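Written out below as structure tokens is the structure these notes cover.
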Amino acid sequence: MQKRVIERPSYVITSVDNALRLVVLLRDVGAVRLSDAAAELGVANSTAHRLLAMLVYRGFAVQDEHRVYHPGPALGAGPARRGWTRDLTDRARPYLEALTAQTGETSNLVIRVGTQARFLYSAESATILRVGDRQGQVLDAHRTAGGRALLAELDDAVLTQLYLLPDGQQRRDDADPRLPADEFAAFSTSLRTIRDSGVGINLQLSENGVSAFGMAIHNHRGLTLGAITVAVPSTRYEQHARGPLIGQMRRCAHEIEIDVADLEP
């Protein structure tokens with residue numbers, strides 16, 4: 001049977017076509033810089049940046065510490081090595097479901113990709129007043145409990161690369177996470193506090209009325225794999241901060257670490 005030739009549509013939606021061309025580029029090349037994407041499409045860097053930002057939002061791309069874009073989960077590839085994030089999710093799922101049953105709150109599995117926190121899995125609470133399913137969401141890492149717990153694991157050189165705005169430079173836009181020197185110093189201090197306690201806290205940083213607790217999880221070599229979080233309505237934050245929740249999370253994180261000891265990111 002002769003295969004029919006697919007012809008170019010009569011009415012081309014340029015923005016859609018450009019976004020799809022970037023998806024194909026990511027699929028075939030695997031790592032794309034902003035300037036390369038702009039050159040491939042023949043558009044300005046600002047246009048390519050907006051298109052790539054939408055691909056990141058929808059899971060078709062992820063951005064690393066060097067501001068290089070890679071295929072995202074929606075393209076069938078994990079943000080690091082293919083397959084390990086699926087294993088991590090599958091192994092962590094029953095422990096998170098048990099944690100949700102124990103605490104009565106929604107628990108999540110989070111990984112960090114550059115300055116973003118990606119929610120791989122949510123075990124949603126059944127209570128009437130609850131934080132909903134976050135699976136698939138991509139948020140600023142510094143605005144999430146899990147993201148903050150993961151950022152606290154980084155050394156100062158990497159944090160500086162990710163978040164310090166060079167002298168004399170202006171932030172590109174509101175989405176630029178980089179901070180001037182004084183704000184970066186305060187941010188670094190807050191992460192050291194998290195490093196000492198082992199608990200990242202989000203007090204309505206990502207969403208009004210929502211707070212969360214986060215803890216990093218590691219493999220047998222001590223390499224950070226991701227984080228678990230428990231998200232709570234802010235009206236119940238003080239109750240959980242003073243109650244057994246932190247201990248319950250520590251036990252859950254320990255059990256997951258035993259199960260994922262052989263995983264390599």
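The values are calculated or read from the model by the stated rules, or taken from the named source; none is laboratory data. These numbers were taken from a predicted model, which means no experiment stands behind them. In this analysis, Cβ positions are derived from the backbone assuming ideal geometry, glycine residues included, and neighbour counts consider all displayed protein chains. In case anyone asks, the SASA skips ligands and DNA or RNA and just uses the protein heavy atoms, side chains included. Shrake-Rupley method; radii C 1.70, N 1.55, O 1.52, S 1.80 Å.
Restricting segment 38-59 to residues that are closer than 14 Å to Gly72 by Cβ and in a helix (DSSP H, G or I) leaves a set whose member that is most open to solvent (accessible area, probe 1.4 Å) is Tyr57. The residues of segment 196-223 that are assigned to a loop (DSSP other than H, G, I, E, B), open to solvent by 50 Å² or more (accessible area, probe 1.4 Å), in contact with a helix residue (DSSP H, G or I) (Cβ under 8 Å, 6 or more places away or on another chain) and of a type in the set (A, V, I, L, M, F, W, C) amount to a single one, Leu205.
Based on this model, can you work out whether Gly76 counts as modelled with pLDDT under 90, on the phi > 0 side of the Ramachandran plot, out of contact with any Leu (no Cβ under 7 Å at 6 or more places or on another chain) and not basic (Lys, Arg)?
Working: modelled with pLDDT under 90: yes; on the phi > 0 side of the Ramachandran plot: yes; out of contact with any Leu (no Cβ under 7 Å at 6 or more places or on another chain): yes; not basic (Lys, Arg): yes.
Considered against the rule, which asks whether it is modelled with pLDDT under 90, on the phi > 0 side of the Ramachandran plot, out of contact with any Leu (no Cβ under 7 Å at 6 or more places or on another chain) and not basic (Lys, Arg), Gly76 comes out as yes.
Taking the criterion of being at pLDDT 95 or above and of a type in the set (Asp, Glu), the only residue of segment 142-162 that qualifies is Glu153.
Residues that are open to solvent by less than 30 Å² (accessible area, probe 1.4 Å), within 25 Å of Arg50 (Cα to Cα) and assigned to a loop (DSSP other than H, G, I, E, B) do not occur anywhere in segment 145-162.
Okay, residues lined up against (1) in a strand (DSSP E or B); (2) modelled with pLDDT of 90 or more; (3) crowded, with 16+ Cβ neighbours inside 10 Å:
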{"site": "Arg86", "(1), (2), (3)": "no, no, no"}
{"site": "Pro94", "(1), (2), (3)": "no, yes, no"}
{"site": "Leu99", "(1), (2), (3)": "no, yes, yes"}
{"site": "Arg112", "(1), (2), (3)": "yes, yes, yes"}
{"site": "Ser122", "(1), (2), (3)": "yes, yes, yes"}
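Tallying residues that are farther than 19 Å from Ile217 by Cβ and not polar (S, T, N, Q) within segment 115-141 yields 11. A count restricted to segment 125-144 and to residues that are open to solvent by 40 Å² or more (accessible area, probe 1.4 Å), without any contact (Cβ under 8 Å) to a residue 40 or more places away in the chain and farther than 13 Å from Ile228 by Cα stands at 5. Close contacts from segment 94-107, counting a first residue that is closer than 13 Å to Ser122 by Cβ and a second that is of a type in the set (Phe, Trp, Tyr), with Cβ to Cβ under 8 Å and a gap of 6+ residues or different chains, come to Leu96/Tyr121. Within segment 250-263, no residue that is aromatic (Phe, Trp, Tyr) sits with its Cβ atom under 9 Å from a residue that is part of a helix (DSSP H, G or I) and surrounded by fewer than 14 Cβ atoms within 10 Å (Cβ to Cβ) at 6+ positions apart or across chains.
If you filter segment 163-184 down to residues that are under 30 Å from Thr235 (Cα atoms) and in a loop (DSSP other than H, G, I, E, B), you find that the one that is modelled with the highest pLDDT is Pro177.
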